[in-house]
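What follows is one structure encoded as structure tokens, with my remarks underneath.
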Amino acid sequence: MEIKVMKRVLDRNQDKAEQVRKLLKEQRVKMYNFISSPGAGKTTLLEKTCEYLKDKANIGIIEGDVSTDRDAQRLKMYGNPIVLINTDGGCHLDSNSIEKALSEFSLADLDMIFVENVGNLVCPSHFDLGETSKIAVVSTSEGDDKPIKYPMLFRDAEAVVLNKMDLMEHTNFNYNLFKKDLRSVSPEVPLFRVSCTKDEGLGPWLEWIEEKVKVEL
Ligand SMILES: Nc1nc2c(ncn2[C@@H]2O[C@H](COP(=O)(O)OP(=O)(O)O)[C@@H](O)[C@H]2O)c(=O)[nH]1
Ligand SMILES: [Mg+2]
């Protein structure tokens, strides 16, 4: 019985996600869904990315947060339109809340939307939001085993950002093992090694996402 209930929830989410995807395609807006553990650096990466794209593209932000507006406040200063979704304890965003958030934007004025999902590697991977792609963010301080332990996210992601490279020498993070495991679940996915706070290694990531802004849906 419980399995059936869960399946109905996922089915309903999937139907709505397809409607969101259709709407975004009609409006020619791409949507990138950033997923990571809490604290891996999603907001910091988005800060750097919004700053870089400021005069290059029109970006909207959907900020998913359990209960505060802290990340939304951090991102507000870059001047992008931003909609906050508080999940009130929920561990992921769903397509229904994304559809409502989209109605707050003037989609015709946007090129791309960044969604910061709730910090969690499991549930956000299971709920399609109607996004163009998922971006997996992982950091050296949380261990090198994430791709093999949470393969679904790393299999689905269109890019993987490995953040906090500045901390790697202080941890037991084994980059070769991380990469081997990542390649076993996703042989081709682009991998960007960065340090957001030190502003190091961000060039290839920023160029990659800038190219994605130009891609026709
Ligand atoms: N040392 C280091 N700290 C970072 C880096 N990127 C982010 N942080 C810090 O990690 C913490 C969590 O970052 P945040 O962007 O809020 O993570 P989120 O929960 O995934 O949005 C903050 O204190 C950041 O300043 C980095 O590249 N190196
Ligand atoms: Mg955040």
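Could you tell me whether LEU53 is crowded, with 20+ Cβ neighbours inside 10 Å and either among the basic types (Lys, Arg) or within 15 Å of ligand 1 (Cβ to nearest atom) (or both)?
no
Just the residues that are aromatic (Phe, Trp, Tyr) and within 16 Å of ligand 2 (Cβ to nearest atom), please, taken from segment 1-60.
TYR32, PHE34
Restricting to segment 86-127, name every residue that is of a type in the set (A, V, I, L, M), over 15 Å from ILE61 (Cβ atoms) and either free of Cβ contacts under 8 Å to residues at least 12 places away in the same chain or away from ligand 2 (no atom under 16 Å from the Cβ) (or both).
Hits for segment 86-127 are ALA108, VAL122.
Taking ILE59, is it among the aliphatic types (A, V, I, L, M) and surrounded by 13 or more Cβ atoms within 10 Å (Cβ to Cβ)?
In short, yes.
Out of (1) polar (S, T, N, Q); (2) out of contact with any helix residue (DSSP H, G or I) (no Cβ under 9 Å at 6 or more places or on another chain); (3) closer than 23 Å to GLY60 by Cα, the odd one out for ASN176 is which?
Failed condition: (3).
Can you work out which of the residues in segment 88-132 that are surrounded by 14 or more Cβ atoms within 10 Å (Cβ to Cβ), farther than 19 Å from SER67 by Cβ and of a type in the set (Ser, Thr, Tyr) is farthest from the chain's Cα centre (by Cα)?
Only one residue tops the list, namely SER95.
Would you point out the residue of segment 128-144, among those that are touching a residue at least 60 places away in the same chain (Cβ under 8 Å) and of a type in the set (D, E, K, R), that is nearest to ARG8 (Cα to Cα)?
For segment 128-144, the residue satisfying everything is ASP128.
Just so you know, all these numbers are worked out from the coordinates, no wet-lab data involved. These numbers come from a predicted model, not from an experiment. Virtual Cβ from ideal backbone geometry, glycine too; neighbours counted across all protein chains shown.
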